[in-house]
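Below: one structure, written as structure tokens.
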Amino acid sequence: MMALWNSRFKKQLAESALKFSSSIDIDGKLFNEDIDGSIAHVKMLSKQKIISKTDEKKIINALDEIRKEIINGKLKLDWKKEDIHSAIEERLVEKIGETGKRLHTARSRNDQIALDERLYMRKEILDLVKVVLSLQKVLLKLAEEHKSTVIPGYTHLQRAQPILFAHHLLAYIEMFQRDKERLNDLLKRVNKSPLGAAAFAGTSINIDRNFSAKLLKMDGIVENSIDAVSDRDTLIEFISACSIIMMHLSRLSEELILWSSQEFSFASFDDEYATGSSLMPQKKNPDFAELIRGKTGRVYGSLIGLLTIMKALPLAYNRDMQEDKFHLFNAVETTKDCLKIMSELLTHTNFNKNRFDEELVGDLSLATDLVDYLVKKEVPFRKAHHIVGKIISKCVEENIKLHHLSLKDYKKIHPKFENDIYNLFNPRTSINNKKSAGSTSPKEIEKQIKNWKKVL
Ligand code: ARG
């Protein structure tokens, strides 16, 4: 079969050149979007009396059949077809002859691919939002189970202050909420139709761009026809939203990896979600968290990949842009897979509720509570910080915990210390004493859980 554009050439494209430039193994995935777009286009052409009602029906019936042929494998999408648009149009002409040749009236593959991509993104954005929501629900359930589990909180990966594990999990729910917001916001810009921009300059044929946009349930058209075929911002934004999701997943993965180490001994994965070592029989490895962390590289790679493709392209369409789909699909599929496996992994992880109960009694991470104690007794904060610093230094020197020092020791450092300081040396006291909004206190955590139950 000759290429769609072949008549001004004397020779056919070299086989190696066709193989190199064919994109169907990637854009074949867009056949549904491509056919949906073509059907809307044909309906518009008929409404505008550019083609007849009979031709409209014939084309639409044939396109529906082609859709089925692709689904059941009867129509092979092999590399000899330049791209999905050519493959479908060729098959259409094969099926209904001359009438099929009317489909491409007032249309170019440039606006066609731009439309297909937007339809694909619209579907995938909605799907991704659902998958993020499922993960949030898993996190919320875990948070409920762990609303009295105490863990050390960290800054700089140094023990900082005790917190409720639920508080930590709820922080991830917040991040994923923003991820959903970003996706939903993006939808406004994605859901606009470039169809009818033709090659880039528009067309002298009396089409109705808003009509086909409406048929496709899009919120209007991409106004400027040059912009409509040249722009890939929305793809870049989408991949960027995916990258941020992956960054969140990767941080969570990193924590799961740390928590599952013998040093932390806080998390353990079910056997179905961990692997062994071929050499060391004792090993139980956190491969799934590691793979999510690793696959983050793929998605960031695609973000930089597409930004790089676009950075020096003169207006309007350039063939370089064909490479965009590799990055779009790679980012979306990787992100979705990782979100799903993270949900599964978390539901198959056991967190040891009492792991830190004893370890945190009198722990130096309660130092801030001692500072606050003095502040409440009207010692200026900076001074209180200094005094408690001396206590910590003594504990470190003697390798003891806060409650191992006698009241006499405390009083020697500052007379305002009284016997009630010993109440502070329980991590739960520290947690219960928190008062500020959004803090780790059980009351605030309860409030957050209740709120998320309403929202999710
Ligand atoms: N396969 C092409 C792509 O994805 C379709 C558009 C081709 N346009 C062109 N003028 N060659 O970019």
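The values are calculated or read from the model by the stated rules, or taken from the named source; none is laboratory data. These numbers come from a predicted model, not from an experiment. A quick note on method: Cβ atoms are made from the backbone with ideal geometry, for glycine too, and the neighbour counts reach across all protein chains shown. For the accessible areas, the whole protein counts, side chains as well, though only heavy atoms, and no ligand, DNA or RNA atoms are used. Shrake-Rupley method; radii C 1.70, N 1.55, O 1.52, S 1.80 Å.
A few comments on the model shown:
- Residues in region 344-360 carry Karplus couplings, in order, of 5, 4, 5, 6, 10, 10, 9, 9, 6, 4, 9, 3, 10, 3, 6, 4, 8 Hz; the curve used is 6.51 cos²θ - 1.76 cosθ + 1.60 with θ = phi - 60°, and Gly or Pro positions show x.
- Surrounding net charge for residue 138, when Lys and Arg each add one and Asp and Glu each subtract one, Cβ distance under 12 Å: 0
- Under 5 Å, built H, 5+ apart or other chain: amide partners of residue 13: none
- Average projection, convex hull of the Cα set of region 28-80: 3.9 square nanometres.
- Order by protection proxy (mean Cβ within 10 Å, highest first), peptides 311-320, 35-44, 92-101: 35-44, 92-101, 311-320
- Each stretch of four or more DSSP H residues adds -39500 (n - 2.57); spread over every residue of the chain, this sum gives -19500 deg cm²/dmol at 222 nm.
- Simple rule: put +1 on each Lys or Arg Cβ and -1 on each Asp or Glu Cβ in region 380-456, find the dipole, and look at 402, 433, 415; the Cα lying farthest toward the positive end is 433.
- In terms of the mean number of neighbouring beta-carbon atoms within 10 Å, the peptides 157-166, 325-334, 354-363, 113-122 order highest first as 113-122, 325-334, 157-166, 354-363.
- Per-residue 3J(HN,Hα) values for region 251-268, derived from phi via the Karplus relation 6.51 cos²θ - 1.76 cosθ + 1.60 with θ = phi - 60°, read 5, 5, 4, 4, 5, 4, 5, 4, 4, 8, 6, 4, 5, 8, 6, 10, 10, 9 Hz in sequence order (x marks Gly and Pro).
- C-alpha center-to-center spacing [region 116-191, region 316-341] in angstrom: 22 Å
- For the residue pairs 137/325; 147/453; 123/147; 377/434; 284/454; 284/340, the alpha carbons lie more than 26 Å apart in 137/325; 123/147; 284/454.
- Here residue 295 is the anchor, and the aspartates and glutamates within straight C-alpha reach of less than 14 Å, apart from those fewer than 8 places off in the same chain, are 254, 287, 333, 337.
- Computed with every protein chain present, the accessible area of residue 353 is close to 100 Å² [probe 1.4 Å].
- Extension gain for residue 54 to residue 16 (0.36 nm times residue separation, less C-alpha to C-alpha distance): 9.6 nm.
- GluC sites (Glu not before Pro) restricted to DSSP loop in region 360-456 with at most 12 other C-beta within 10 Å: 378, 418
- Cβ charges +1 (Lys, Arg) and -1 (Asp, Glu), total dipole of the chain, debye: 980 debye
- Across the options 177, 213, 191, the greatest Cα extent toward the positive end of the charge dipole of region 172-249 (unit charges at beta carbon of Lys, Arg, Asp, Glu) belongs to 213.
- Mean projected area in nm² (Cα convex hull; one quarter of hull surface) for the chain: 30.0 nm²
- Taking 20 Å as the cut-off, the amide N atoms of region 103-146 that come nearer than this to a point 7 Å along the Cα-to-beta-carbon line of residue 188 belong to 118-119, 121-130.
- The modelled label-to-label distance for the pair residue 233/residue 277, using points 7 Å beyond Cα in the direction of Cβ, is 5.2 nm.
- Annotation for residue 344 and residue 403: the two label points, set 7 Å from Cα along the Cα-Cβ direction, are 4.4 nm apart.
- Using the Karplus relation 6.51 cos²θ - 1.76 cosθ + 1.60 with θ = phi - 60°, the per-residue 3J(HN,Hα) values for region 313-322 come to 7, x, 5, 10, 5, 9, 5, 3, 5, 4 Hz, with x marking Gly and Pro.
- Cα shape, region 103-240, gyration tensor, a/c 1.5 rule: prolate
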